[in-house]
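Please treat every number below as a calculation from the coordinates, not as lab data. Computed from a prediction, not measured in an experiment: that's the story for all the values here.
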Amino acid sequence: MPHIGILTQVGDLHAELVAYWIKQAGGRVSLIYADRVPTDGGISFDPAHPESARLRADDGVIAIGDLDLMWWRRVGKPRVPERVRDAAAREVVSNESRDAVVGLVRSGFRGIWVSDPDATRSAEFKLVQLCAAVKVGLRVPATLVSQVPDEIRNFCERVGGRMVTKPVASPIDVPLRAGVVTSEGLPGDDVLALSPAIYQELVPGEDHLRACTWGSTVICGTVKSPMMDWRTDSNPTIGTAEIDADTAARLAALNVELGLEMGISDLKPAADGGVPYWLEVNPQGQFLFLEGLGGPEVAKPFAEFLLARAATGTPPAGGRRPASRSGCG
Ligand SMILES: Nc1ncnc2c1ncn2[C@@H]1O[C@H](COP(=O)(O)OP(=O)(O)O)[C@@H](O)[C@H]1O
Ligand SMILES: [Mg+2]
């Protein structure tokens, strides 16, 4: 049975539940809590033999080269013990810990990434993923990324005088959400020119889709909410949907295009009954709420995918899987 690593942080339920299902299926799984390095990391690394580097996982000290597959889930901010009081010292311990664990895994791991860290980072760029979605033929709403005021105003008129505006970058400290703006409501040129943003044709309706894709598998949850951004709804209705075969194939192609093994896409059904509109992909998006709130089971099939992928997948010669760069051409 393969040995699977999950790089994550303490309290990540996704990692814990997927690990549970891997163990239920007879697999071995090691949870590497990147945020625990300052208290419990056990890191030892010789650059001449990175694959023999050791670190502490939840099931004891492991050699990184022994893992067959690594789920690159998330790298939490290291938790520095309270006894380190000086702010600068805390920052140093945190940075050292984070770069050491990430560097160790990136240089010493020899198996299959789900997904490659470089591909993950690249795919997180909204412009990169939009481009890839257009390329694989997903139904992307009319979209403009711009800070040119005339262009933005013209685009708004073209899509009916009302459009969605949303950030280019995933906000970290400021909770920026997608919103609707009208031609009259657009701010002055000085504001529009200040930074680029995404402007998009508004896809109406209360139904939202969250499609979890790995390999050729697409598991699709539905979210019914009157809020445009359903994450602001404290009580959305969750269910399960079948996604049409054409969109499913294109979602799989999107992962390939971006060099990802998995992707969690947001879509909206089209009022014209055609294929749904694709809005974005989250390379490591949340999916557990779907099964927790009455939607499709996702964690167990994903664990099964990881086991199957680890057992059958062959990493390229020399170890690391190179991230495929989206060409956009
Ligand atoms: N063009 C659009 N038409 C209608 N709703 C949209 C549109 N774009 C985004 N939304 C809503 O806003 C939410 C957030 O936008 P999304 O593109 O998923 O970016 P992010 O999740 O990174 O903020 C979507 O899940 C959807 O509910
Ligand atoms: Mg989203």
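For every helix of n ≥ 4 consecutive DSSP H residues, a contribution of -39,500 (n - 2.57) applies; sum these over the chain, divide by its total residues, and give [θ] at 222 nm rounded to the nearest 500 deg cm²/dmol. Helix-only estimate at 222 nm: -9500 deg cm²/dmol.
In the chain the Cα-Cα distances spread across 10 Å bins starting at 0 as 5, 23, 30, 24, 14, 4, 0 percent of all pairs. Comparing mean-square fluctuations of CYS212, CYS220, CYS131 from a GNM of the chain with C-alpha springs under 10 Å, the top value falls on CYS131. Multiplying the residue separation of LEU127 and VAL256 by 0.36 nm and removing their Cα-Cα distance gives an extension gain of 44.8 nm.
Taking the centroid of alpha carbons for each part, the range 1-68 and the range 189-244 are 33 Å apart.
Subtracting the Cα-Cα distance of THR237 and LYS300 from their residue separation scaled by 0.36 nm leaves 20.5 nm.
Look at where the Cα atoms of the range 74-126 and of the range 249-281 average out, and the two centres are 29 Å apart. Of the residues ASP207, ASP86, ASP46, the one that moves most in a GNM of the chain with alpha-carbon contacts below 10 Å is ASP86.
Pairs of lysines in the chain whose Cα atoms sit within less than 22 Å of one another amount to 9, provided the residues are eight or more positions apart or on different chains.
Membrane-span-like helices in the chain, defined purely by DSSP H runs whose alpha carbon atoms cover 18 Å or more axially and whose average Kyte-Doolittle hydropathy reaches 0.5, are 245-258, 299-312. For the chain, a Gaussian network of Cα nodes joined below 10 Å ranks VAL75, VAL148, VAL105 by mean-square fluctuation, and the top entry is VAL148. Classification of the range 1-138 by its C-alpha gyration tensor yields an oblate form. The axis ratio a/c (a ≥ b ≥ c) is 1.5 or more, and b/c is at least a/b.
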